[in-house]
Amino acid sequence: MDPVTAGILVAIGLIVLMAIGTPIAFALGAISLIALVADRGMAELTYFGETFFDRIAEFGFVAIPMFIMMGAAVASSPTGRDLYRSLDLWLGKLPGGLAISNIGACTIFSALSGSSPATCAAIGKMGIPEMRKRGYPDGVAAGCIAAGGTLGILIPPSVTMIIYGISTETSIGRLFIAGVVPGFMLAGLFMVWTLIACKLAGGYDNPMTLATEKIKQTVRQNVDANLKALVRVLPFLAVVLGILFALYGGIATPSEAAGVGAFMCLALAIIIYRMWQVQPIKLIMRDSLRESVMIMLIIAAAEVFAYALSSLFITQTVAGAIADLEVNRWVLMGVINVFLLVAGFFLPPVAVIVMTAPILLPIILSANFDPYWFAVILTINLEIGLITPPVGLNLFIINSIAPDISLRNVLMGSLPYALCMVLGILLLCLFPGLALWLPNLLMG
């Protein structure tokens, strides 16, 4: 069977398996096994098992469950609530300031947890009801949280950046720092659109406009409480900064820094929020184990899938077709962006990175693009997939938090933020220094 026909059959099989609800890891593993056995016989079962387990046996992957545990400790504690209240104190005076506070809280919480779903859930549970109560449109209330949550895979420490670094053998520390400026740039674009949307809809109030002395007294009490909440958040921020300092200063490897960060965040959650009971700790461990196993299964299955594609010469055919395009390198980059965007619509970020990064990296390098800059471009494309159907994980999380907001309203509120991400990609193409300046400054 020629590679093109084989590729079409594999793609159709994968889409059918996912369409009937098969988990992505099992869908990738099943279609890989069927393709290998059909092409080379039962002897390929041996290589299937070896490839599956060898891939996840790399020491670098130890950082993934550690960073996930760190995020679970933060997400399971009231840190999100305290962060939200503190930012509302400082930004609530602005027109539309509550929505701005939510995006700011999502940005910082993303850095603490490294997880888009955890960010959506932690900030959305408080932010969406409060925004709706104060008159914000449902689309703005849902959209800003869904979009803010996507920053979890870009702002360091990011699990997806770790996977990209291992898959392409690039520096994880440099990848982390490359995501800082673009991450805050996207947060700024989200805030600008939120202000515009609020003004267009006329659906916001200024909660700091006070009439009576009684209300003023209540606000003064809230200010004291919010300042105390900020003090409780600062140690967690210090842990994140300490991890980044250890990585960029060459003091620790990503795995070592992740292990210390996980222990520190768990200890802080227990000490600051008095989570002494067994049940909260059990929940943290359960959530960490569940997400870690899911990600590692996807990585292993995606590696087998990539092996199957390579064995059937599908990978080489696609890479050769892209490389042979006699077009301007920016047209080539446009084609790659469309490919990544479509892949992100159907597959989780982890699977897309493991399957495509090793294939695309040689093409990127041959076109004289920087691999760290490309990592940021790839990640933003995958962020768009988190708030667009048919998968759109963040959309379903928001819908579960506020079930009386229809999925259509959540989607319509999120689409302008997806366009903000497209604008962010264009800005990075025009000004690559947005991703490269800080890594070059700090790491040479």
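The values are calculated or read from the model by the stated rules, or taken from the named source; none is laboratory data. As the structure is a prediction and not an experimental result, all values here were calculated from the model. All Cβ positions, even for glycine, are placed from backbone atoms using ideal geometry, and neighbour counts span all protein chains on display. Just the protein is used for accessible areas: all its heavy atoms, side chains included, with ligands, DNA and RNA removed. Shrake-Rupley method; radii C 1.70, N 1.55, O 1.52, S 1.80 Å.
So the values come out like this:
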{"item": "Filtered residue count, segment 250-264, keeping only those that are over 23 Å from the mean Cα position of the chain (by Cα) and open to solvent by 100 Å² or more (accessible area, probe 1.4 Å)", "result": "1"}
{"item": "Selection from segment 65-122 of residues that are modelled with pLDDT of 75 or more and outside any helix (DSSP H, G or I)", "result": "Ser77, Pro78"}
{"item": "Failed item in (1) of a type outside the set (Lys, Arg); (2) at pLDDT 75 or above; (3) open to solvent by less than 10 Å² (accessible area, probe 1.4 Å), with Val62 passing the rest", "result": "(3)"}
{"item": "Residues of segment 154-183 that turn out to be buried (at least 24 other Cβ atoms within 10 Å of the Cβ) and hydroxyl-bearing (Ser, Thr, Tyr), as a count", "result": "3"}
{"item": "Pairs with Cβ under 9 Å, 6+ apart, first in segment 422-439 and free of Cβ contacts under 8 Å to residues at least 60 places away in the same chain, second open to solvent by 30 Å² or more (accessible area, probe 1.4 Å)", "result": "Val422/Leu341; Gly433/Val181; Gly433/Asn440"}
{"item": "Subset of segment 9-37 (residues that are modelled with pLDDT under 85 and open to solvent by 60 Å² or more (accessible area, probe 1.4 Å))", "result": "Ile15, Ala19, Ile20, Pro23"}
{"item": "Residue within segment 384-398 that is touching a Gly at 6+ places or on another chain (Cβ under 8 Å), open to solvent by less than 20 Å² (accessible area, probe 1.4 Å) and farther than 26 Å from Thr22 by Cβ present", "result": "no"}
{"item": "Residue match in segment 358-377 (condition: touching a residue at least 60 places away in the same chain (Cβ under 8 Å), within 21 Å of Cys106 (Cα to Cα) and in a helix (DSSP H, G or I))", "result": "yes"}
{"item": "Among the residues listed as Leu247, Leu234, Leu186, Leu241, the single one being assigned to a helix (DSSP H, G or I), modelled with pLDDT under 85 and open to solvent by less than 80 Å² (accessible area, probe 1.4 Å)", "result": "Leu247"}
{"item": "Some residue of segment 311-328 being touching a Pro at 6+ places or on another chain (Cβ under 6 Å), surrounded by 19 or more Cβ atoms within 10 Å (Cβ to Cβ) and hydroxyl-bearing (Ser, Thr, Tyr)", "result": "no"}
{"item": "Tabulated pairs, segment 23-37, first within 15 Å of Ile12 (Cα to Cα) and without any contact (Cβ under 8 Å) to a residue 12 or more places away in the chain, second among the aliphatic types (A, V, I, L, M) and in a helix (DSSP H, G or I), C-beta under 6 angstrom, 6+ apart or interchain", "result": "none"}
{"item": "Subset tally (residues that are out of contact with any Phe, Trp or Tyr (no Cβ under 8 Å at 6 or more places or on another chain), in a helix (DSSP H, G or I) and surrounded by 14 or more Cβ atoms within 10 Å (Cβ to Cβ)) for segment 400-414", "result": "7"}
{"item": "Filter result (more than 19 Å from Met70 (Cβ to Cβ) and open to solvent by 30 Å² or more (accessible area, probe 1.4 Å)) within segment 265-308", "result": "Arg274, Trp276, Gln277, Val278, Gln279, Leu297, Glu303, Tyr307"}
{"item": "Residue match in segment 97-110 (condition: surrounded by fewer than 19 Cβ atoms within 10 Å (Cβ to Cβ) and either of a type outside the set (Val, Ile, Thr) or in contact with a helix residue (DSSP H, G or I) (Cβ under 7 Å, 6 or more places away or on another chain) (or both))", "result": "no"}
{"item": "Test result for Phe339, open to solvent by 30 Å² or more (accessible area, probe 1.4 Å), at pLDDT below 85, under 21 Å from Ile384 (Cα atoms) and not basic (Lys, Arg)", "result": "no"}
{"item": "Test: Ala141 is closer than 21 Å to Ile380 by Cα and open to solvent by less than 10 Å² (accessible area, probe 1.4 Å)", "result": "no"}
{"item": "Residues that are farther than 9 Å from Leu28 by Cβ and touching a Gly at 6+ places or on another chain (Cβ under 9 Å), drawn from segment 301-312", "result": "Leu309, Leu312"}
{"item": "Qualifying residue in segment 121-129 (condition: farther than 30 Å from Ala267 by Cβ and open to solvent by less than 50 Å² (accessible area, probe 1.4 Å))", "result": "yes"}
{"item": "Within segment 38-59, tally of residues that are closer than 22 Å to Glu169 by Cβ, open to solvent by 40 Å² or more (accessible area, probe 1.4 Å) and over 25 Å from the mean Cα position of the chain (by Cα)", "result": "3"}
